[in-house]
Amino acid sequence: MIVARDAVGDLLLQTPEVDPKTGAPTFFAAVTAKKAYVAFHLMSLYYRPELLADISPQLDKRRQGKTCFNFKRSDPELFAELETLIDRVASGEKG
């Protein structure tokens, strides 16, 4: 992945692949610190929602929209599950 932005409370990762429509690297993920929570966006889920079929109800409760997960506090168990989901997306695994 390519770190496109790395500032306090704002991290943006892109893939090395170029989007044919925009000519820019493809958006992969972002972490943004908001006032009351931290938002994690995994953009590939928009195009591959089948990867969400087997996430736990606890992680699903954190999901906002199709690609965003919000956390108010650290949760190592959910972070581990999210890491597995990120690995599946990055590897190109099918749902």
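Just to check your reading of the model, which residue among A24, A36, A30 is surrounded by 16 or more Cβ atoms within 10 Å (Cβ to Cβ) and of a type in the set (A, V, I, L, M, F, W, C)? Let's see the steps before the verdict.
Working: A24 fails: surrounded by 16 or more Cβ atoms within 10 Å (Cβ to Cβ); A36 fails: surrounded by 16 or more Cβ atoms within 10 Å (Cβ to Cβ).
Sole residue among the options that is surrounded by 16 or more Cβ atoms within 10 Å (Cβ to Cβ) and of a type in the set (A, V, I, L, M, F, W, C): A30.
Taking into account only those residues within the stretch 1-33 that are charged (D, E, K, R) and modelled with pLDDT under 95, which is farthest from R73 (Cα to Cα)?
Pass one, the stretch 1-33, residues charged (D, E, K, R): 5-6, 10, 17, 19, 21.
Checking which are modelled with pLDDT under 95 leaves us with 17, 19, 21.
Working: E17: 33, D19: 34, K21: 37 Å.
The residue in question is K21.
Applying a threshold of 8 Å to beta carbon distances and a minimum spacing of six or more residues, or different chains, the list of pairs starting in the stretch 73-95 at a residue that is at negative phi and ending at one that is small (G, A, S) and loosely packed, with under 14 Cβ neighbours inside 10 Å reads L78/S56; E81/S56; G95/A53.
Residues in the stretch 20-56 that are among the charged types (D, E, K, R), closer than 17 Å to A7 by Cα and touching a residue at least 40 places away in the same chain (Cβ under 8 Å): how many?
Filtering the stretch 20-56 down to residues among the charged types (D, E, K, R) leaves 21, 34-35, 48, 50, 54.
From the residues that got through so far, the ones that are closer than 17 Å to A7 by Cα too are 34-35.
Subsequent filtering for residues that are touching a residue at least 40 places away in the same chain (Cβ under 8 Å) retains none.
Qualifying residue count, the stretch 20-56: 0.
crowded, with 18+ Cβ neighbours inside 10 Å and without any contact (Cβ under 8 Å) to a residue 40 or more places away in the chain: is that true of Q14 in this structure? Spelling it out, Q14 is indeed crowded, with 18+ Cβ neighbours inside 10 Å and without any contact (Cβ under 8 Å) to a residue 40 or more places away in the chain.
Considering the stretch 58-85, and only residues there that are among the polar types (S, T, N, Q) and assigned to a strand (DSSP E or B), the residue that is modelled with the lowest pLDDT turns out to be Q64. In the stretch 32-57, which residues are of a type in the set (A, V, I, L, M, F, W, C), under 22 Å from G92 (Cβ atoms) and outside any helix (DSSP H, G or I)? If the condition is that a residue be of a type in the set (A, V, I, L, M, F, W, C), under 22 Å from G92 (Cβ atoms) and outside any helix (DSSP H, G or I), then F40, L42, M43, A53, I55 are the ones that fit. Across the stretch 34-54, the qualifying residues are those that are in contact with a helix residue (DSSP H, G or I) (Cβ under 9 Å, 6 or more places away or on another chain) and at pLDDT 95 or above, and the one among them that is farthest from K72 (Cα to Cα) is L42. The numbered conditions (1) crowded, with 16+ Cβ neighbours inside 10 Å; (2) under 12 Å from the mean Cα position of the chain (by Cα) are all true for Q64 except (1).
The values are calculated or read from the model by the stated rules, or taken from the named source; none is laboratory data. Keep in mind that what you see is a predicted model, and the values were worked out from it rather than measured. Glycine gets a Cβ as well: all are built from the backbone with ideal geometry, and neighbour counts include every protein chain shown.
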